[in-house]
């Protein structure tokens, strides 16, 4: 049998990186073997492996091998060393190994977790459901209550929640929604559980516009999801209270990222919170419900 060697260390305990760096590329690398493949894992993280167990068990008919603790001599017909993807972040997959698409991957996920909704239902029959992803850490939205009221006024049934818990529970929960709204980094990677034709609304914090495209906007196209973004203005970010409008933080963030990724990350990703213009955001949310109904 063939084998695939990969690491479950690094940022693998972070949901986004586990999905983008392990689960998606592992699917595209190994799916062609129809389970007749063995996974050899370096930097073995039992919590990570356990969390995504149902996915690993569907991709391989064999027990995982922890390279650190297994001293057996194993022989394979073919060995693939490391995972690769020809697409950025949540995209897939490496054409060297498979002709599967992200649509196939989403179908695989639905089957793995027995998700009930393949596509969005007719939103005219009942109010469409909207998930507003809460976030307690940085890039927190300070006026969630106002936003919830606005979304309900537009016509959505709304739930506000920070995405935590067992992966299987998250999958079933997210699959019940027609629209997902969240700040960059709040858990938008869970879009892989949304039914087809659902809509992702990404709230893009100030100065994160380029990252937002690669991380979440581009992947929605291959997943048969709709996409809208709401780009935060300077007066909606907490940075506007700490820095003047002529400061480099406002006028030269591209220079900052070229000079120092750590400085850019600290300012814009670690120390930025948001108070959104509800009237302006309402236009985006109204567009979402109009798109669903048409």
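For region 276-294, the residues whose backbone nitrogen is under 14 Å from a point 7 Å from the Cα of residue 143, taken along Cα to Cβ, are 276-283.
Most simply put, the chain has about 5% antiparallel DSSP beta bridges, counting only bridges with both residues inside it. Residues of region 130-159 falling in the label zone of residue 197, defined by backbone nitrogen less than 17 Å from a point 7 Å along Cα to beta-carbon, are 130.
Highest mean packing comes first when the peptides 48-54, 105-111 are listed by Cβ atoms within 10 Å, giving 105-111, 48-54.
Helix 278-293 and the longest principal axis of the Cα set of the chain meet at an angle near 50°. Overall dimensions of region 187-266, expressed as equivalent-ellipsoid semi-axes from the Cα gyration tensor (√(5λ), whole Å, largest first), are 29, 14, 9.
Ratio of the chain's C-alpha Rg to 2.2 N^0.38 Å, to two decimals?
Details: Rg = 20.6 Å, N = 294, 2.2 N^0.38 = 19.1 Å.
Normalised Cα radius of gyration, the chain: 1.08.
Of all beta bridges that DSSP places with both ends in region 129-293, some 5 percent have antiparallel geometry.
Along each principal axis, taking the top coordinate minus the bottom one, the Cα set of region 129-293 gives 43, 29, 27 Å in descending order.
For region 94-193, what mean projected area does the convex hull of the alpha carbons give, in nm²?
8.0
Counting 0.36 nm for each residue step from residue 287 to residue 111 and taking away their Cα separation leaves a gain of 60.3 nm.
The calculated FRET efficiency for residue 210 paired with residue 1, based on their beta-carbon distance and R0 = 51 Å, is about 0.75.
The distance separating the Cα centre of region 117-195 from that of region 243-285 comes to 24 Å.
Here r is the Cβ-Cβ distance between residue 84 and residue 246 and R0 is 45 Å; the resulting FRET efficiency, rounded to 0.05, is 0.50.
Measuring nothing but alpha carbons in region 18-85 and taking Rh as the Kirkwood radius, the Rg to Rh ratio lands at 0.92. On the beta carbon distance between residue 69 and residue 168, with R0 = 35 Å, the FRET formula returns roughly 0.85.
Values in this text are rule-based calculations from the coordinates and carry no lab data. Remember, predicted model here, so these are calculated numbers, not experimental data. Every residue, glycine among them, receives a Cβ derived from its backbone with ideal geometry; neighbour counts consider all protein chains shown.
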